[in-house]
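Participant: Sending over a structure as structure tokens; questions will come in a sec.
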Amino acid sequence: MSLYEMEGFLKWATELGISDFCMTATSAATTTTDPCRLQIPHCCLGHSLYVSHFPDAGGRGLAAARDLRKGELILKVPKSALMMSQTILKDEKLSVAVKRHTYLSSTQILAVCLLAEMSKGKSSWWHPYLMQLPRSYDTLANFSQFEKQALQVDDAIWVTESAILRAELEWKKAIPLMEELELKHQLQNFKAWLWASATVSSRTMHIPWDDAGCLCPVGDFYNYAAPGEEPCGWEDLKGSGNESSWQDSSLWNKDATNYSDAEQDDVLTQRLTDGGFKEDISAYCFYARKNYKKGEQVLLSYGTYMNLELLEHYGFLLDENPNDKAFIPLEPEVYACSSLPKDSLYIHQNGKLSFALLSALRLWATPPSQRRSVGHLVYSGTQLSAENEIFVMEWIAKSCCAVLGNLPTSVEEDSLLLCAIAKMQDPNVPMEAGNALSSCGVEFSAFLEAHDLKIEDRNAGLILSEKARRWMERWRLAVQWRLRHKRILVDCISHCNEIINSLRLGHQGYQS
């Protein structure tokens, strides 16, 4: 988006009453030397926030125009400025048509409303906002067959296939409504639907009266901040249970803390204070989630997501995501002997076992005739014996090794591939086609073949079209995801081996 277009959009937003000048603000904004700052006079931003570019942290985003205090109201968007089905359906033709298609979900209706406004072109009241939305997304539903297979892990491939299939089904159900509205032909195809549904999936904010949410001009400039690693909910809080006296619990529970009910409620509430709709002032309000220094990027937590979920719904992932997790195949008896939910049996992003997985495996490693008598110990977080713990850790380490061994590429190969892709994506230093082929090997050849791209001269610089760059970005995301997944498993193996060695040394010392 050009500076001219951004200026027009922010002036439009200002006229709607969107403002970062809020009553709680006590500090005056001062000039900044940030070269990425957009200097726009008489703008809705500038007192608390300004639009900037963060090339290594989400791209376009919002920066602090001054020092901000945690909990401070820093942006307010009036209800009248929110783009939602309720406001768009004031169009009588659209409203009458939608009422005849009651089988459509609220998100499908909002997607159709979005396409209907796009179909109006410049005559749409929302035109300035629509023009600054991304032209494409990298959500899983947009992945091609090549990018889907590049994820390598069966569960991730299945999630991608499900996302694509779900998008196709929703699109086909919405076609009769789009035809009735006589939308432009290019806005009725599957590509346009993917754009609209991804806009709804990745950019809407929660509102209590519509499950589809609302699109929030300026408010959707915020980039994502993952909630921290503080315990929140049964799974993490149970991890602070008692350990047996001879155990070195610091190896896997360094930060374990007993939280009171009030502290737990505070943790849950804190995650909801980034933003929300306030009925008393009829506006969407955004708050500083922590203290920010002037010039720092101001972030917003959309919720707690694994990297695969971020990729599915938002089209990006984090290299360091405290909420990421990895699942590995377990013996059927592990599920049978425990009543714990399957989705709680996972490995944390730091390689440590979830409390539920560790408990289930401790119980499974116990002879069936003894499980009933030790169940209360297992679910309180107590180790049963050194032998039991060593068996569990050896089994997990072996299972992680088996998973890694069955994947086509290693951590080292994926790391090199990511570096090579980054070089190919750099428009300032085009990589020679021959070097690209040698650096990325078979997978780059498969990428070229999958997208029908030809290399005429191996010695020439690799020049990619905008469409090819988009394909390559999705390939990069797939490689980044699988690399992060593998690193969790590698860290888990190291963690298990560390515990095994510690327990064996401690047991030997006890026997001597």
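The values are calculated or read from the model by the stated rules, or taken from the named source; none is laboratory data. Quantities reported herein were computed from a predicted structural model and do not represent experimental measurements. Don't worry about glycine lacking a Cβ; one is built from the backbone with ideal geometry, like all the others, and counts go over all protein chains shown. For accessibility, only protein heavy atoms count, side chains too; no ligands or nucleic acids. Shrake-Rupley method; radii C 1.70, N 1.55, O 1.52, S 1.80 Å.
Participant: Mind listing just one residue for me: the one in the range 199-231 that is touching a His at 6+ places or on another chain (Cβ under 9 Å) and either of a type in the set (S, T, N, Q) or assigned to a helix (DSSP H, G or I) (or both) and, of those, most open to solvent (accessible area, probe 1.4 Å)?
Facilitator: S201
Participant: For the range 287-300, enumerate the residues that are open to solvent by less than 20 Å² (accessible area, probe 1.4 Å) and not in a strand (DSSP E or B).
Facilitator: Of the residues in the range 287-300, the ones open to solvent by less than 20 Å² (accessible area, probe 1.4 Å) are 288, 292, 298, 300.
Scanning the range 287-300 gives a single hit, A288.
Participant: Another one. Anything in the range 340-367 that is assigned to a helix (DSSP H, G or I) and in contact with a Lys or Arg (Cβ under 9 Å, 6 or more places away or on another chain)? List them, or say none. Steps first, answer last, please.
Facilitator: Of the residues in the range 340-367, the ones assigned to a helix (DSSP H, G or I) are 342-344, 355-364.
The answer is F355, A356, L358, S359, L363, W364.
Participant: Taking the residues in the range 120-157 that are part of a loop (DSSP other than H, G, I, E, B) and β-branched (V, I, T) as candidates, determine which candidate is farthest from W475 (Cα to Cα).
Facilitator: Going through the range 120-157, the residues part of a loop (DSSP other than H, G, I, E, B) turn out to be 124-126, 131-139, 143-144, 151-153.
Going one step further and asking which of them are β-branched (V, I, T), we end up with 139, 153.
On the way: T139: 12, V153: 14 Å.
Looking at the filtered set, the residue picked out is V153.
Participant: Among the numbered conditions (1) more than 30 Å from W481 (Cβ to Cβ); (2) open to solvent by less than 30 Å² (accessible area, probe 1.4 Å); (3) in contact (Cβ under 8 Å) with a residue 40 or more places away in the chain; (4) not hydrophobic (A, V, I, L, M, F, W, C), tell me where G315 comes up short.
Facilitator: G315 satisfies all of (1) more than 30 Å from W481 (Cβ to Cβ); (2) open to solvent by less than 30 Å² (accessible area, probe 1.4 Å); (3) in contact (Cβ under 8 Å) with a residue 40 or more places away in the chain; (4) not hydrophobic (A, V, I, L, M, F, W, C) except (1).
Participant: Restricted to the range 385-406, and to residues that are open to solvent by 30 Å² or more (accessible area, probe 1.4 Å) and in contact (Cβ under 8 Å) with a residue 60 or more places away in the chain, which residue is farthest from F327 (Cα to Cα)? I'd like the intermediate steps shown before the answer.
Facilitator: The initial filter retains those residues of the range 385-406 that are open to solvent by 30 Å² or more (accessible area, probe 1.4 Å), namely 385, 387, 391, 394-395, 398, 401-406.
Still in the list and also in contact (Cβ under 8 Å) with a residue 60 or more places away in the chain: 394, 401, 403-404.
Working: E394: 17, C401: 13, V403: 10, L404: 12 Å.
It comes out as E394.
So that you can scan it fast, the table gives a plain yes or no per residue for (1) among the hydroxyl-bearing types (S, T, Y); (2) crowded, with 16+ Cβ neighbours inside 10 Å; (3) on the phi < 0 side of the Ramachandran plot:
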{"residue": "A63", "(1), (2), (3)": "no, yes, yes"}
{"residue": "R66", "(1), (2), (3)": "no, yes, yes"}
{"residue": "G71", "(1), (2), (3)": "no, no, no"}
{"residue": "P78", "(1), (2), (3)": "no, no, yes"}
{"residue": "I88", "(1), (2), (3)": "no, yes, yes"}
{"residue": "S106", "(1), (2), (3)": "yes, no, yes"}
{"residue": "V112", "(1), (2), (3)": "no, yes, yes"}
{"residue": "R135", "(1), (2), (3)": "no, no, yes"}
{"residue": "N142", "(1), (2), (3)": "no, yes, yes"}
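Participant: Please find, among T107, T87, T102, T160, the residue that is under 30 Å from Y287 (Cβ atoms), among the β-branched types (V, I, T) and either out of contact with any strand residue (DSSP E or B) (no Cβ under 8 Å at 6 or more places or on another chain) or part of a loop (DSSP other than H, G, I, E, B) (or both). Quick ask: steps written out before the conclusion?
Facilitator: Working: T107 fails: either out of contact with any strand residue (DSSP E or B) (no Cβ under 8 Å at 6 or more places or on another chain) or part of a loop (DSSP other than H, G, I, E, B) (or both); T102 fails: under 30 Å from Y287 (Cβ atoms); T160 fails: under 30 Å from Y287 (Cβ atoms).
Every option except T87 fails the conditions.
Participant: Tally time: how many residues in the range 459-492 are open to solvent by less than 60 Å² (accessible area, probe 1.4 Å), modelled with pLDDT under 90 and touching a strand residue (DSSP E or B) at 6+ places or on another chain (Cβ under 8 Å)?
Facilitator: Qualifying residue count, the range 459-492: 3.
Participant: Here's another thing I want to ask about it. How many of the residues in the range 324-359 are surrounded by fewer than 21 Cβ atoms within 10 Å (Cβ to Cβ), without any contact (Cβ under 8 Å) to a residue 40 or more places away in the chain and in contact with a strand residue (DSSP E or B) (Cβ under 8 Å, 6 or more places away or on another chain)?
Facilitator: 1
Participant: Could I ask something else about it? Here's a check for you: in the range 161-182, which residue that is in contact (Cβ under 8 Å) with a residue 60 or more places away in the chain and in contact with a helix residue (DSSP H, G or I) (Cβ under 8 Å, 6 or more places away or on another chain) is most open to solvent (accessible area, probe 1.4 Å)? Write out each step before concluding.
Facilitator: Residues of the range 161-182 that are in contact (Cβ under 8 Å) with a residue 60 or more places away in the chain, as a first pass: 163, 170, 173-174, 176-178, 180-181.
Next cut, in contact with a helix residue (DSSP H, G or I) (Cβ under 8 Å, 6 or more places away or on another chain) only: 163, 170, 173-174, 177-178, 180-181.
Working: A163: 7, E170: 55, K173: 115, A174: 0, L177: 0, M178: 1, E180: 65, L181: 18 Å².
Only one residue fits best here, namely K173.
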